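Participant: My structure is below; once you've seen it, I'll send some questions.
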Amino acid sequence: ALAGNSQEIVAVAQEDGLLAGFACAQVKRSFCYESPPVEVTELFVSPAYRRRGLGLALLAFLESHCAGVFGAGEFTLLTGRSNFPAQGLYQKAGYAPTDELMMEKEI
């Protein structure tokens, strides 16, 4: 699936030869934006590897890679209102809540 999608970036973290976590981002290329914004769509660290800085390292890699390769300067993400551990991680990485309202529709 990744081979045909040049807008999705996947980063993985390994420890002791095992998959410890991963993060995914979507580059939003459009004529509407001078530089493409990036949405971090997934971030997961296995429970056994949490609180070791892997989540922050995965985010930092995505940000650096997308800024260097695509010229991205704006990064967004969504998380659950009650997912306080994730919110703390994102705030530690420099993300801040916004006043935007997400709306969705299922078809």
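The values are calculated or read from the model by the stated rules, or taken from the named source; none is laboratory data. Everything numeric here is computed off the predicted structure, so don't read it as measured data. In this analysis, Cβ positions are derived from the backbone assuming ideal geometry, glycine residues included, and neighbour counts consider all displayed protein chains. What goes into the accessible areas is simple: the full protein's heavy atoms, side chains included, and nothing from ligands, DNA or RNA. Shrake-Rupley method; radii C 1.70, N 1.55, O 1.52, S 1.80 Å.
Participant: Any residue in the stretch 64-91 that's in contact (Cβ under 8 Å) with a residue 24 or more places away in the chain and basic (Lys, Arg): show its pairings with residues that are assigned to a helix (DSSP H, G or I) and open to solvent by 40 Å² or more (accessible area, probe 1.4 Å) at Cβ separation under 7 Å, as long as the two are six or more apart or on different chains.
Facilitator: No pair meets every condition.
Participant: Kindly establish whether residue 69 is of a type in the set (A, V, I, L, M), open to solvent by 50 Å² or more (accessible area, probe 1.4 Å) and assigned to a helix (DSSP H, G or I). Steps first, please.
Facilitator: Working: of a type in the set (A, V, I, L, M): yes; open to solvent by 50 Å² or more (accessible area, probe 1.4 Å): yes; assigned to a helix (DSSP H, G or I): yes.
Against the criterion (of a type in the set (A, V, I, L, M), open to solvent by 50 Å² or more (accessible area, probe 1.4 Å) and assigned to a helix (DSSP H, G or I)), residue 69 qualifies.
Participant: Can I ask one more? Out of all the residues in the stretch 47-58, is one or more closer than 23 Å to residue 103 by Cβ and touching a residue at least 12 places away in the same chain (Cβ under 8 Å)? Walk me through it before giving the result.
Facilitator: First, pick out the residues of the stretch 47-58 that are closer than 23 Å to residue 103 by Cβ: none.
The answer is no; no qualifying residue exists.
Participant: Okay, moving on. Is one or more of the residues making up the stretch 60-79 in contact with a Cys (Cβ under 6 Å, 6 or more places away or on another chain) and under 23 Å from residue 5 (Cβ atoms)?
Facilitator: Filtering the stretch 60-79 for residues in contact with a Cys (Cβ under 6 Å, 6 or more places away or on another chain) gives 72.
The next check asks that each one be under 23 Å from residue 5 (Cβ atoms); those that pass are 72.
Yes, the stretch 60-79 has at least one match.
Participant: Please go through the stretch 38-54 and pick out each residue that is charged (D, E, K, R) and either open to solvent by less than 50 Å² (accessible area, probe 1.4 Å) or closer than 13 Å to residue 73 by Cα (or both).
Facilitator: Of the stretch 38-54, the ones charged (D, E, K, R) are 39, 42, 50-52.
Across the stretch 38-54, the qualifying residue is only 39.
Participant: Follow-up. Checking residue 35 against (1) modelled with pLDDT under 95; (2) under 15 Å from residue 89 (Cα atoms); (3) open to solvent by less than 80 Å² (accessible area, probe 1.4 Å), which single condition isn't satisfied?
Facilitator: Result: residue 35 passes all but (2).
Participant: If residue 27 passes every condition in (1) in contact (Cβ under 8 Å) with a residue 12 or more places away in the chain; (2) open to solvent by 50 Å² or more (accessible area, probe 1.4 Å) but one, which one does it miss?
Facilitator: It is condition (2) that residue 27 fails.
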